[in-house]
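Every read-out reported here was derived from the displayed coordinates using simple, explicitly stated rules and does not represent laboratory data. Quick caveat: nothing in here was measured; it's all calculated off a predicted structure. Cβ sites come from the backbone with ideal geometry, for glycine too, and all protein chains shown count toward neighbours.
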Amino acid sequence: MITPGIDTTFAWLALDFLETEDRELLQSISETDAAMHLAAHAQRVSLSGNAPNPFELVEQILMSPSMSKINIEEIRARLSAIESDRASQLRCWNEAAAFLPGGALSGVVLYLTVGYDIGVALKGHASVNLVHPHFLENSLQELWFYVVHEIHHAGFQKYNPLLALAEIKTISNLVYLIQYLTHMEGFAVHAVRRWRTEEEALKSDSDYEALLNSERMDTYKREFFSIYNSLLDEGERPIEMQDLEILGRMSTGDRLWYRVGATMADFIEKTLGRELLIGTVSEGPEAFFRRYMELA
């Protein structure tokens, strides 16, 4: 029996701070598990390996000018609705678990936060930013879809820990990073597609809109594998700053590793079955790519 775990402490305290501007609350927020989770993630994705400590990060987030635009009462209402909707919580855990090895979500906690990214995962836990514009522009259902995405990451990372960008030093490191993020992000996009299809919500997110357009996806696949194969042909050498520009091309704009990765996951599932697709989680990103390349 899956038991969803959701920790809303950070979000409630953050809303209290935004309403009262009581700076003593910043310390309380920085001591939450969620704040430590965000700070650890910020360090992991820093190119230099340096990142704010939990208090500094919380202060940066909540003192940002963008926070003044938040409708606090609206977010309080959404937060209460999330806490009380056990059916949607259970659906999220079940949808993510359907695309992970058995037990992968055991002990996973989702932190509801304010102001950091749209959602992140690290060390078997995940978080979602309640006030991200994508959620505020859509119904609450859109947030539930992203909960599936992020807790799927948390389960995935129990087998494949999130890489530290500061440790990416060579071309082979960069190739593996692309394999890793294509596998993790693409698989999570794929894992939510069934529920989105059922709710007729594919067009509410740009990744799924792209997946509906076969011509666009053919273009994205050509671009992705052109970049990927050119790196494989490079041979081993230390990376240069211009090499890291590839990460921007993969993660923003055409969002190649999300969209191409989802296409790869879908192809493996349709060709080999879901169990073999799920098997790539424990086997790792290289196996995910190998299986796809053997089939394509």
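Descriptive notes on the structure:
- Part-to-part distance (alpha-carbon centres) for the stretch 238-296 and the stretch 48-109, which is given in Å: 26
- With respect to the chain, whose longest principal axis is taken over its alpha-carbon atoms, helix 72-84 is tilted by about 70°.
- Length released on extending from residue 118 to residue 76, taking residue separation times 0.36 nm less the Cα-Cα span: 13.3 nm
- A simple count of charges around residue 209, restricted to other residues whose Cβ falls under 14 Å of its Cβ and scoring Lys, Arg +1 and Asp, Glu -1, yields 0.
- Shown here for the stretch 152-254: GluC sites (Glu not before Pro) in loop regions (DSSP other than H, G, I, E, B) with at most 10 other Cβ atoms within 10 Å, namely 200, 236, 240.
- At an R0 of 41 angstrom, the distance between the Cβ atoms of residue 83 and residue 294 translates into a FRET efficiency of 0.35.
- Compared with the alpha-carbon gap, the fully stretched path from residue 20 to residue 212 is longer by 64.6 nm at 0.36 nm per residue.
- Choice from 267, 55, 225 with maximal GNM fluctuation in the chain (Cα, 10 Å cutoff): 225
- Listed values (1) 75, 43, 40; (2) 85, 54, 34; (3) 57, 43, 34, entry calculated as Cα extents along the principal axes in Å: (3)
- Take the Kirkwood radius over Cα pairs of the stretch 168-295, plug it into Stokes-Einstein at 20 °C and 1.002 mPa s, and you get 142 µm²/s for translational diffusion.
- Remark: the residue 33-residue 60 segment gains 8.0 nm on full extension, using 0.36 nm per residue and subtracting the alpha carbon distance.
- Likely footprinting exposure, 63, 293, 184, 241, fewest C-beta neighbours within 10 Å first: 241, 293, 63, 184
- Prolate/oblate/rounded call for the stretch 119-233, Cα gyration tensor, a/c under 1.5 rounded: oblate
- Cα-based radius of gyration of the stretch 6-157 once divided by 2.2 N^0.38 Å, which approximates compact folds: 1.01
- Built amide H within the under 5 Å cut-off of residue 239, gap 5+: 170, 171
- Tensor-based shape of the stretch 236-290 (alpha-carbon gyration tensor, a/c under 1.5 rounded, otherwise prolate or oblate): oblate
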